[in-house]
Amino acid sequence: MSYKLRQAEVPILPAGHGPIRVLHFSDLHLTPARKREVADIKSFINLKPDLVISTGDFLADMQAVPTVLDALDELLELPGLFVFGSNDYYAPKFKNPLKYLLPKHGKRVHGDELPWKLLDASLQERGWLNLNTSRESIRVKETIIEARGTDDAHLELDDYSLVAGKPGICDIAIGVTHAPYLRVLEGMHRDGLDAIFAGHTHGGQVRLPLPGGSRALTTNCDLPTWRARGLTKFGTEPYLHVSAGMGTSPFARVRVASPPEVSLVTLTSKR
């Protein structure tokens, strides 16, 4: 196994509800040449999830949609939720990787438009729900989950007003977004969501190794670096789970102290 399995427990279910195993992955950045990554993604089914959540950046190549669908094939038989990230819309282009560490990362440079509409249609055809601009309810086991999402905040495509408001009739309410910008998290907090799933950060991608752990140098958004990966909670805010993701840009295939990862997040009853 060439990736890290991150596990977490989130106690948000009502009393008496059985646990729900959520497979959360992000930032695959797939190309047809990434055979090892495809094999890794196919192995996720062995984790026996009840629900799959993808927080975007599936693509990194114009020809990658069939690759993504092949890698996810067995997972697409399960209930699934997804949003898109910037790299689903535009192909990567070479840029100075040091700019990633700058506060504003310099002027954004986009490549050609990727076939995201084909990917969207293909995922929905297999039954996964697109949350880019919508709220949906889904039953997993005996639990009714209301899920809402936003389009990519890194490209400023997010419009939380499209999904804002207190949850309807449900057991839990969750948010799904690619880039965990504070404006999105704050909107979901105001509406009383129980948990939020996000990606985008690559866990910092380059982390500073320190005794007892490591520290992210950046999150590539305005999220504090201490929340760059894994499960965190601040005050009365919802739980936030950030996936450090599986891949990298084809032009910056380096991760330091932030290995590729997939997460198994188990939702349990409140204590």
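A few comments on the model shown:
- Residue tally, condition touching a helix residue (DSSP H, G or I) at 6+ places or on another chain (Cβ under 9 Å) and in contact (Cβ under 8 Å) with a residue 60 or more places away in the chain, over segment 1-25: 6
- Residue match in segment 28-48 (condition: closer than 15 Å to Leu264 by Cα and touching a Gly at 6+ places or on another chain (Cβ under 8 Å)): no
- For Pro103, the stated conditions do not hold, so it cannot be described as modelled with pLDDT under 95, surrounded by 13 or more Cβ atoms within 10 Å (Cβ to Cβ) and assigned to a loop (DSSP other than H, G, I, E, B).
- Exclusive hit being in contact (Cβ under 8 Å) with a residue 60 or more places away in the chain and of a type outside the set (A, V, I, L, M, F, W, C), set Glu186, Glu156, Glu142, Glu136: Glu142
- Qualifying residue in segment 195-206 (condition: in contact with a strand residue (DSSP E or B) (Cβ under 8 Å, 6 or more places away or on another chain), on the phi > 0 side of the Ramachandran plot and at pLDDT 95 or above): no
- Residue check, Gly127 at positive phi and modelled with pLDDT of 95 or more: yes
The values are calculated or read from the model by the stated rules, or taken from the named source; none is laboratory data. Only a predicted model underlies this, so the values are computations on that prediction, with no experimental measurement involved. Cβ atoms come from the backbone with ideal geometry, glycine included; neighbour counts cover every protein chain shown.
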